[in-house]
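Peer 1: Sharing a structure here in C-alpha cells format.
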Amino acid sequence: MTAPALSIVIPVYNGAQTIGALVAALQALAVPGSHEIVLVNDGSSDDSLEVCRRLVGNARVPMTLVDLARNFGEHNAVMAGLREARGAHVITMDDDLQNPPAEVLRLLEHAQRSSADVIYARPLEKHHAGWRKLGSRFANRVADLVLDKPHGLYLSSFRCISAFAVQQAIAYEGPFPYVDGLLLQTTQRVDSLAVEHLPRAHGSSNYTLRRLVRLWLNMFVNFSVMPLRLSTFTGIGLSILGLAGAAWAAASALFFERTPPGWASLTVAVMLLSGVQLLILGLLGEYLGRLYLTVNRRPQTVVRTVMHSEAALPGQRRNAGSAIRQV
C-alpha cells in the first residue's frame, strides 16, 4: 500500500463546534505526496463522535476515526492516533482551531528540509488564559530539568514527527504516556519553528488545573528519577541543618548558660520534618502506585471502533464505502 507523505493526528474532545471547520481546511491543503487525517474521539460528552463519523463518510482525503471507549486524556489519545498513522511524517494538533491549518505545510516543509526527527511549533504569541500560560511555562522549566531536551525548547502539542520517531514512541504500552518524553528519549534531532497562534474560536480550554497537574506528574515521575534524588538531597540538607541546630543548642547551654527557646522552635521543626517526610512518602507512593498499575496492565487506551473513509490514496483502489472495524 502506498503510504502518504503526511498523516495529521487530531485528538477530539468535545470539539463538535470546531472539528468540521478544521477538517475542511486540512482536506483543502495541497500536500505533495498526499496526506491523510486521523481523528481520535477521546470519550467526548457532546456529539463529536457523530460529527466525526459524518466527516469520515464525506471525506475527500483518506480519513480514519478512532473511537475510544472512554476519556483517557490527550496524550493517550494521541498515542492511539499515532498507531493508525501511516505517513512519512506525522503532525499532531489540537481540535480548537488555534493552530492555523496553513502552518501544517510550513511544519512539513521544514521537517523535510531538515534532518530533525521532531519539529515543535513555537507560537509567536500564545492566546491562552494567564494561569494556563504560567502552567505551560512552569511545565517547560521542569522539562528542562527532568527531560534530556535542548534548553529553552518550547514543547507544544503542535508538532511534526518522523515515521522513525513515531515507531519508537508507540512501542511504549504503559498507562501513563507523555508523548514529548517518549520522543526526547528516542532522538536528539529536535528543532522548532515559529508559528502563528490564534484565539480560541469556541468555548474554553478543556484543560483544567487538575489535568495540567496530572500531565505534569506524568512527565515528572514517569520519565525521571529526579524526584527521588531531590528527596535524598532534601534529607541530607535537613540532616545538616539539624546537626547545626544541635551544635548551636549545645554551645548556648555550655558557654552562654542560656537555655534555647523551646516550644515554638520545636513545633516548627517537627512540622517541617513531618511535612518533608510525608512529601517523600507521597513521591515513593506515586512511583509504587504507577508501577503497580503498569504491572497489572492498566490499559493505555481501549479502542471501541476504527472507521476508515472510502477515499483512497493515489495508486490505491477505492473502497465501496466507509469501513468500520470493531476492536
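No value in this document is a laboratory result; all are computed from the given coordinates. No experiment lies behind these values; they were computed from the predicted model shown. Here Cβ is always computed from backbone atoms with ideal geometry, including for glycine, and neighbour counts include all displayed protein chains.
Peer 1: For a Förster distance of 22 Å, can you work out the FRET efficiency between the beta-carbons of ALA247 and LEU288, rounded to the nearest 0.05? Before the final figure, lay out the partial values.
Peer 2: On the way: r = 37 Å, r/R0 = 1.67.
Computed FRET efficiency for ALA247 and LEU288 comes out at 0.05.
Peer 1: Let me ask something else. Mind ordering 100-111, 281-292 by average Cβ neighbours within 10 Å, highest first? Mind dumping the intermediate values first?
Peer 2: Numbers: 100-111: 18.7, 281-292: 12.7.
Ranking, from highest mean packing down: 100-111, 281-292.
Peer 1: Using R₀ = 45 Å, calculate the FRET efficiency as 1/(1 + (r/R₀)^6) where r is the Cβ-Cβ separation of GLU310 and LEU228; round to 0.05.
Peer 2: Numbers: r = 52 Å, r/R0 = 1.16.
Given R0 = 45 Å and the Cβ-Cβ separation, E is 0.30.
Peer 1: Based on the alpha carbons, how large is the Rg to Rh ratio for the stretch 1-99 when Rh follows Kirkwood? Can you show the working numbers first?
Peer 2: Working: Rg = 12.3 Å, Rh = 13.2 Å.
Value, to two decimals: 0.93.
Peer 1: Give me the extension gain from ALA3 to ALA163: residue separation times 0.36 nm, minus the current Cα-Cα distance, reported in nm with one decimal. Before the final figure, lay out the partial values.
Peer 2: On the way: separation 160, 0.36 × 160 = 57.60 nm, distance 1.09 nm.
This chain segment gains 56.5 nm when fully extended.
Peer 1: While we're here: Expressed in nm to one decimal, what extension gain is obtained for the pair ARG189 and LEU105 from 0.36 nm per residue of sequence separation less their Cα-Cα distance?
Peer 2: Details: separation 84, 0.36 × 84 = 30.24 nm, distance 1.99 nm.
Answer, rounded to one decimal: 28.2 nm.
Peer 1: May I pose another question? Of the peptides 176-184, 68-76, how do they stack up when ordered by the mean number of other Cβ atoms within 10 Å, highest first? Don't skip to the end; give the middle numbers.
Peer 2: Numbers: 176-184: 23.8, 68-76: 19.0.
Order by mean packing, descending: 176-184, 68-76.
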